[in-house]
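> Let me give you the structure first, and then I'll get to my questions.
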Amino acid sequence: MIQKSSIALLSASLLLGGVLTACGGPVSVTRSVHSAAHGVANTNKSITMETNGDVNFNLWNPNAFANSDLVDPLIFSGLTKDNLEGLPSPDLATSWHTADHGLEWVFNLRKGVRWQDGKPFTATDVLYTFNDVVLNPKLGANGASNYSDVTRVTANGPYQVIFHLKQPWSSLPAYLTYFAPILPAHILAKEGANVWNDAQFSTQHPIGTGPYEVQSVQPGQSITLVRNPYYFGRKPSIPKIVFQIIPQETTVVSDLLNGDLNFAEVNDPQLVSELKSDPSLTVSRVSEQIYYDITLNGREAPFNNVLVRRALEYAINRPAIIQGLLKGYGQVANGPIAPIQKYFYDPHVMSYPYDPAKAIKLLEAAGMKKGPGGKMYYHGKPFTINMPTAQYGFLVPLTELVQQYWKAIGVTANIHVMDFNSWTEQVVLKHDFGAMTAWWVAPLTPDVYPYFATSTINSGYNIQGIGNARLDALMTQLRETTNLAQQKRLADAIQVEIAKLEPMGFLFYPEEIDVTSRNLYVPPVNYDIALDNVADWHFKS
Amino acid sequence: MTRYVVRRVGLGVMTLLIMSLIVFLLINAAPGGPAAIVNMNATASQRAALEKLYGLQQPVIERYASWLWSVLHGNLGVSYSLQQPVTQVIGDYFPNTALLAGAALGLSILIGVPLGTQAAIGRGRWLDRLASLITMMGLSVPDYWLAILAILVFSVWLHLLPASGMNAAGGGGGGGVLPHMILPVGVLTFVFMPNVFVIAKASMIEALQADYTRTARGKGASERRVVYRHALRNAFNPVLSVIGLITTVLIGGDAIVETVFAWPGIGRLMVEATSQRDYPVMMGVTIVIGASVICINIIVDILYGLLDPRVRYD
């Protein structure tokens, strides 16, 4: 009896599995899928976008990663935001100016703003966000190191806040556009040091002042946003945005092609050709403030010799890499200020065009000699570079290409591939590397002090460990002035000085590839700026 | 039987304990650390603050003891990256894997066993050759490639099926869970069904040549009765073994298939937790998968006895 019933149960389970699977057969599926296919007929006027993992809605949380950056700016506002030209424009602050010889920034706050729960926004929220969260050393807030020059924030009434600085910092308004949301004090202040543990706020039901609010969250699946009825700015015309969580890039492309996604940034240029040939999609290439580079460890010989750094740069055929790796979606980099900063970018700064013969001469001038096997010898030994890299984006193929170019001039690079966390620990935190391919993303400002100042070599972003007094002085002067013309003059001088010093081998500025449904208009600017200007998005008639 | 089950459960608990200790030590010995701490934007003092927050400055054995104590009290900890109790996170993801695994397993059995039986009966005929060809493909084609191909054909070219997720949450098309299941279940079935087929066919060939089958025929039993009542029942234990094996693999979540199809399952969760070094989730998933595997093995062992009276548990 037991045997019979067990077998019957097993059979029933199997049958149920089969029936369940069969029920979703092509007939019903075709109807439901086809209505949205080709990304044009979106009857409910919502759009679907993608992010590659579960989102943390508190961007200051140290566990909020890049996937959160794609969603959060729609829910939260900052004091400033990027306008379509990439310049800081009013958001929760309506105006700002410096005081006390540049040691204070005064921000006048917008009146009448409400949080998504209807409570009023005031200076208390800004003070809480910065004094209690960002500048609180016990919390280790994400991106807090960007604000190391801010000592505290004070209020002058409910609608004015003052940032007090250790030294003048003209680019503070630009940094405040860069993933710096203001948090609701009335909800989070009671959490004290446990603010990161507020799962309800971080993962389910955040309260912001941005153009959208969270309607629902399905862990691992999707986040649905609807318009925030209390939003103070221009109301977005798209009533609902759904973010599908899709970890795989090829699946993103498939979903764009079958019409299940309406807007996505495609990170792998090798996948773009199919998208370009689909008439239901619009593919745009836009600039962004990112550069890829070869970082050489200037703390050790021979990379502390500028001749060696220049030689290794001359040995790399960057246009060929851009063509092969990026399918042409990028341009040769000559410094840390990318072309997206049209006003500050100087295309005429000295670059290092592909010239292997010159590279060899420079290495010889630096005391190296060609030896057996065509290898370059340094102090009697083959010049060998320890080159760790990470399984992330196209770091591995890029590193392998650089290895081949260096091999052609007799330089050996030993590549060690590791996972991203291990690489970050070994390379970025412990500086245990000779060379590495890397990238930097930064706010839209010519202020490159955090990345190239000598003061940031031991504890900061100057991973290459190279700097000099003249460059320090120029970067400091730029930080001290808010005059645009003076900033331009100083930015020009900084770019020239960096090109001479060659603290890192600038490789290329990749272009962002944005793909939208044909019937959807999104401003042709980079993704971050587009999110800041979501009110401009609309369905084309 | 009861003593046997109790003994197996006791052994299972010991296995889980040893496994948890080994995994805990390995996870902590691996280079890198939680993504929030190994973050190029964090200063040294920020990293120290976070290590303190997560209790990572304590010796690893102390941390293991503390973790074990919490587990014994039903608390698997709180996810670093998702900020939620690990039990809740696993509760969100595990049923999705179970759904996928159950459907793929069901189809693998429903297709693999009858096909293997028929192939054994008609060895060398067209059905046998066709089935063998298909199973050879299933055994040799990587699931990653097959998943991409399935998306390309059924989603991109034919616009028949959705390529990703479990639901169309609003913006895109695609219907409910069932249409979203078809491609991942299809791929998993194509990959796992051949294992059932091969064992079913081999066992049936052996069973059909056995003395008891000849005796049954000699007693005048119909061919249908001989095959399904006598041969198949006796051939089913090896099939049950392979089903148990497949179930243990499927229940851990096929990380590749779940990632390609953006299916929010336990395999994908484990991949993400590992890449972010979310220690509590990594440990929680390990324990849940480990416990599931042990349970499945015990169930399979019990089923052996139910299907074959010759199996004794003394």
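> Just subtract the alpha-carbon distance of A:D268 and A:R299 from 0.36 nm times their residue separation and send over the number in nm, one decimal. Intermediate values should be presented prior to the final figure.
Working: separation 31, 0.36 × 31 = 11.16 nm, distance 3.36 nm.
Taking 0.36 nm per residue and subtracting the Cα distance, the gain is 7.8 nm.
> What is the distance, in nm, between label points placed 7 Å from the Cα along the Cα-to-Cβ direction at A:Y392 and at A:S95?
4.3 nm
> What FRET efficiency do you get for A:K361 and A:R234 if R0 is 51 Å and r is their Cβ-Cβ distance, rounded to the nearest 0.05?
Working: r = 59 Å, r/R0 = 1.16.
It comes out at approximately 0.30.
> To one decimal place, what Kirkwood hydrodynamic radius in Å is obtained for the range B:2-72 from all pairs of distinct Cα atoms? It would help to have the intermediate numbers written out before the result.
Numbers: mean 1/r = 0.0692 Å⁻¹.
Kirkwood radius, the range B:2-72: 14.4 Å.
> Taking each residue of B:92-105 in turn, how many C-beta atoms of other protein chains fall within 10 Å of its C-beta, and what is the average?
Values: counts 5, 2, 0, 0, 3, 0, 0, 2, 0, 1, 6, 5, 2, 3.
Across the residues of B:92-105, the mean count of other-chain Cβ atoms within 10 Å is 2.
> Can you tell me which lysines have their Cα less than 30 Å from the Cα of A:K361? Leave out same-chain residues fewer than eight positions away.
A:K369, A:K370, A:K375, A:K381, A:K407, A:K500
> Further, regarding this structure: Residues of A:59-67, mean number of Cβ from any other protein chain within 10 Å of their own Cβ, rounded to a whole number? Provide the component values of the computation, followed by the final result.
Working: counts 0, 0, 3, 15, 12, 2, 5, 0, 1.
The per-residue average across the peptide is 4.
> Where in the range A:168-198 is the amide nitrogen less than 11 Å from a point lying 7 Å along the Cα-to-Cβ axis of A:L103?
It comes to A:168, nothing else.
> Between the alpha-carbon centers of the range A:62-107 and the range A:302-328, tell me the distance in whole angstrom.
When both Cα centres are located, 35 Å separates them.
> With axes computed from alpha carbons, what is the tilt in degrees of helix B:86-121 against the longest principal axis of chain B, rounded to the nearest 10 within 0 to 90?
Roughly 20 degrees between the two axes.
> For each of A:L296, A:L261, count neighbouring Cβ atoms within 10 Å of the residue's Cβ, then give the residues from fewest to most.
Values: A:L296 27, A:L261 31.
Placing the least packed residue first, the sequence is A:L296, A:L261.
> Here's something else I'd like to know. What do you get for trypsin sites (Lys or Arg not before Pro) in the range A:123-201 restricted to DSSP loop and a cutoff of at most 10 other Cβ within 10 Å of the site's Cβ? Can you show the working numbers first?
Working: sites: A:K138, A:R152, A:K166, A:K190; in loops: A:K138, A:K166.
Answer in residue order: A:K166.
> Here is a further query. Where in the range A:362-387 does the label zone of A:T412 land, with the point 7 angstrom along Cα→C-beta and an amide N cut-off under 20 Å?
Residues A:363-364, A:367-387 fall inside that zone.
> Return the whole-Å distance between the Cα centroid of the range A:458-532 and the Cα centroid of the range B:102-142.
60 Å
> What's the angle, to the nearest 10 degrees (0 to 90), between helix B:44-53's Cα axis and the longest principal axis of chain B?
Rounded to the nearest ten degrees, it is 60.
> Between B:Y144 and B:V177, what FRET efficiency follows from the Cβ-Cβ distance if R0 is 25 Å, with the result rounded to 0.05? Can you show the working numbers first?
Numbers: r = 23 Å, r/R0 = 0.92.
Efficiency for this residue pair is about 0.60.
> Place a label point 7 angstrom from the Cα of B:A30 along the Cα-to-Cβ direction, then list the residues of the range B:287-301 whose backbone nitrogen is under 19 Å away.
Correct set: B:287-291.
> While we're on this one: How big is chain B in terms of Cα radius of gyration and Dmax, in angstroms?
23.8, 85
> Rounded to the nearest 500, what is the 222 nm mean residue ellipticity of the protein assembly as shown from helices alone, with -39500 (n - 2.57) per DSSP H run of 4+ residues and division by all residues? Present the calculation step by step, with values, prior to reporting the outcome.
Working: 29 runs with 363 residues, N = 855.
-13500 deg cm²/dmol, from helical runs alone.
> Just need the Rg to Rh number for the range B:184-260, please, alpha carbons only, Kirkwood Rh.
Working: Rg = 16.5 Å, Rh = 14.1 Å.
Rounded to two decimals, Rg/Rh equals 1.17.
> Between the range B:201-266 and the range A:357-432, what is the C-alpha centre distance in whole Å?
Comparing the Cα centres of the range B:201-266 and the range A:357-432, I get a distance of 55 Å.
> Further, regarding this structure: If the viscosity is 0.692 mPa s and the temperature 37 °C, what translational diffusion coefficient in µm²/s does Stokes-Einstein give for the range A:80-190 when Rh comes from Kirkwood over Cα pairs?
Values: Rh = 14.3 Å.
In µm²/s, the coefficient is 230.
> While we're here: Sorted from fewest to most neighbouring beta carbons within 10 Å, what does the list A:V134, B:V300 look like?
Working: A:V134 21, B:V300 17.
Ordered from fewest to most neighbouring Cβ atoms within 10 Å, A:V134, B:V300 come out as B:V300, A:V134.
> Considering all alpha-carbon pairs of the range A:145-295, what whole percent are spaced by more than 19 angstrom?
On the way: 8182 of 11325 pairs.
Taking all Cα-Cα pairs of the range A:145-295, the fraction more than 19 Å apart is 72 percent.
> A further question on this structure: On alpha carbon coordinates alone, what is the Rg over Rh value for the range A:323-411, Rh being the Kirkwood radius? Write out the running numbers ahead of the final one.
On the way: Rg = 16.3 Å, Rh = 15.6 Å.
With Rg and the Kirkwood Rh in hand, the quotient comes to 1.04.
> Beyond 44 Å, what percent of the Cα pairs of the protein assembly as shown remain? Show your work: numbers first, answer last.
Working: 137022 of 365085 pairs.
Tail of P(r) above 44 Å: 38 percent of Cα pairs.
> Which angle from 0 to 90°, rounded to the nearest 10, does the C-alpha axis of helix B:279-307 make with the longest principal axis of chain B?
Once rounded, one gets 20 degrees.
Read-outs throughout are calculated quantities, based only on the coordinates presented, and are distinct from any laboratory measurement. It should be emphasised that the depicted structure is a prediction, and the values quoted were computed from it without experimental measurement. Glycine gets a Cβ as well: all are built from the backbone with ideal geometry, and neighbour counts include every protein chain shown.
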